[in-house]
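> Pasting in a structure now, in structure tokens, and then I'll have a few things to ask.
The values are calculated or read from the model by the stated rules, or taken from the named source; none is laboratory data. Keep in mind it's a predicted model, so treat the numbers as computed, not measured. Quick reminder, even Gly has a Cβ in these numbers, built from the backbone with ideal geometry, and neighbours come from all protein chains shown.
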């Protein structure tokens, strides 16, 4: 299999983490010129990364579809529960984590614009969304060892990816001081080989 994606894209990293946890070998193909968002339209008509290209040439996108496919093809370390209610809970965590990713990306992109062109209200909206996501995750995590209880699922990998991306784009946010349960989960996940081997790098 071939995974097309950049080293700074959080959805690519989430996919790589899942591949590592499932112990599935793949070839990582970086997009030309370090473009963080463009994929060949032959692989994905939407132009989004990541794209997983199967051995028969079939492209799979987007990240949520890819990680579920990966979990289904290998019995190692199942990341999605089989029961509908528990599976839905994992997907709910993933949706919040992905929403946090989107808000961080948008706030970062807008903050990188020249000072006179930045939309302060837009940045503030994204920062408020980030705060709401963090508060929701902190409250729902509580003192559980993992997002949905005692065992690690895709929910934890999605949340860990989102929190690490927040650190990557905004190195001193202070959330780890005000959200101790999330900080504890983050520190635990960052010690896993799957996280250590897929650190963010600027495109």
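> Which one is modelled with the lowest pLDDT among residues in segment 24-69 that are in a loop (DSSP other than H, G, I, E, B) and in contact with a helix residue (DSSP H, G or I) (Cβ under 6 Å, 6 or more places away or on another chain)?
49
> Have a look at 75, 81 and point out the one that is in contact (Cβ under 8 Å) with a residue 24 or more places away in the chain and under 21 Å from residue 152 (Cβ atoms). Working first, answer last.
On the way: 75 fails: in contact (Cβ under 8 Å) with a residue 24 or more places away in the chain.
Only one candidate passes the filter, namely 81.
> Residues that are in contact with a strand residue (DSSP E or B) (Cβ under 9 Å, 6 or more places away or on another chain) and either over 26 Å from residue 18 (Cα atoms) or part of a helix (DSSP H, G or I) (or both): does segment 107-124 have at least one?
If we filter segment 107-124 for residues that are in contact with a strand residue (DSSP E or B) (Cβ under 9 Å, 6 or more places away or on another chain), which is where we start, we get none.
Within segment 107-124, none of the residues are in contact with a strand residue (DSSP E or B) (Cβ under 9 Å, 6 or more places away or on another chain) and either over 26 Å from residue 18 (Cα atoms) or part of a helix (DSSP H, G or I) (or both).
> How many residues are in a helix (DSSP H, G or I) and over 22 Å from residue 16 (Cβ atoms) if we restrict to segment 149-176?
Qualifying residue count for the region: 2.
> Just the residues that are in contact (Cβ under 8 Å) with a residue 60 or more places away in the chain, in contact with a strand residue (DSSP E or B) (Cβ under 9 Å, 6 or more places away or on another chain) and outside any helix (DSSP H, G or I), please, taken from segment 4-18.
Selection gives 7 alone.
> Mind listing whichever residues of segment 125-148 are under 20 Å from residue 76 (Cβ atoms) and not in a loop (DSSP other than H, G, I, E, B)?
Listed by number, the list holds a single entry, 146.
> Within segment 107-129, is there a residue that is at pLDDT 95 or above, within 24 Å of residue 67 (Cα to Cα) and touching a helix residue (DSSP H, G or I) at 6+ places or on another chain (Cβ under 6 Å)?
no
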